[in-house]
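K.L.:
Take this structure first; my questions come after.
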Amino acid sequence: MMVGVAKKLDRLSQIIGSLMRARGLQSRMSEYRIFGQWEKTVGSVIAGHAQPVSVRGSKLFLAVDSPAWMQQLSLLKPEIIEKVNRSLGKEAIKEIGLNLGEVTPLRAPAEQEASPAPVTLSPEDRAAIESTVAGIKDADVRQAMRRVMEKDFSSRKQRNK
């Protein structure tokens, strides 16, 4: 009995594919695959701050959650276009439009609540971090090292709770 259902579904799939080709919609549907593959295509960091909203012609429109991320993504447009087109298997997207908007969190609220409460660093911890990074001349490297050390101190405190 299941074999008959499978054959009917297979036939229905062929009919839908034929109709889409006849109407010139098949290529457009393949472009919309990006909505389902967004996080896999661009990574969880970018997907956490920007999500596809629509495709018009060869332009992909993204909702971005903050002006800072809009600026960052404007610099990354060529790389994002390349990743999207590689994912689609063709050069379908040539431009990206960025608009401020609401971005749906990647994790479900239950998962967010399950994450441990942030640990507050003591003044002594902060002083130790600052004395360590004080000798780093490059401001970007100094800030990056500061963040790494803060995360390390926090994770150690979390484990020792």
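K.L.:
Kindly state which strands (runs of 3 or more DSSP E) lie completely within region 29-107 and contain at least 2 residues that are loosely packed, with under 12 Cβ neighbours inside 10 Å and free of Cβ contacts under 8 Å to residues at least 40 places away in the same chain.
P.N.:
none
K.L.:
Which members of region 116-161 meet the condition of being part of a helix (DSSP H, G or I) and touching a helix residue (DSSP H, G or I) at 6+ places or on another chain (Cβ under 7 Å)?
P.N.:
D125, I129, T132, V133, R142, M145, R146, M149, E150, F153
Laboratory data are not the source of any read-out in this text; all were calculated from the coordinates shown. Fair warning: this is a prediction, and the values are worked out from it, not measured in the lab. Quick reminder, even Gly has a Cβ in these numbers, built from the backbone with ideal geometry, and neighbours come from all protein chains shown.
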